[in-house]
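Below you'll find the structure, written out as structure tokens, and then a few comments.
Please treat every number below as a calculation from the coordinates, not as lab data. All figures in this text were calculated on a predicted structure; none of them were measured in a lab. So basically every Cβ, Gly included, is an ideal-geometry build from the backbone, and we count neighbours across all protein chains shown.
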Amino acid sequence: MVTDAKGRVLFSNPAATTRSRMNHRLSTDGGHTWTASQVIHEGPAAYSSLAIPARNAIGLLYELGETKLTSAFRSRASTRDGYKGKRNDP
């Protein structure tokens, strides 16, 4: 979990109890609610780490597999202002 300069909280984890569907979420109220989310990897996934490596970027390093969990790692980067997660608005 990381917080950017605007106070937005970013969190990543497998979105299923089966350690799959790596997801990252965005909160604009300190983590009380999650207003956007995006599945990054549909298959097996486990440990992850978020970082803010540049002023307008998000970095995500996570463990993954294609049919079963392996010790492979993948990294992703995107811009924070261009967050394209699915909105969870009621």
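Note the full-extension length gain between T28 and L50 as 0.36 nm times their separation in residues minus their Cα-Cα distance, in nm to one decimal. Mind dumping the intermediate values first?
On the way: separation 22, 0.36 × 22 = 7.92 nm, distance 1.67 nm.
Full-extension gain reported as 6.3 nm.
Run through the range 1-55 and list the trypsin sites (Lys or Arg not before Pro) located in a DSSP loop whose Cβ has at most 10 other Cβ atoms within 10 Å.
Within the range 1-55, the qualifying trypsin sites (Lys or Arg not before Pro) (loop, at most 10 other Cβ atoms within 10 Å) are K6, R55.
Determine the gain in length on full extension of the stretch E42-T17; use 0.36 nm per residue of separation and subtract their C-alpha separation, reporting nm with one decimal. All intermediate terms of the calculation are to be shown ahead of the outcome.
Numbers: separation 25, 0.36 × 25 = 9.00 nm, distance 1.29 nm.
That works out to 7.7 nm of additional length.
Which of Y47, Y62 comes first, and how do the rest follow, when ranked by fewest Cβ neighbours within 10 Å? Present the calculation step by step, with values, prior to reporting the outcome.
Values: Y47 15, Y62 22.
Result, fewest neighbours first: Y47, Y62.
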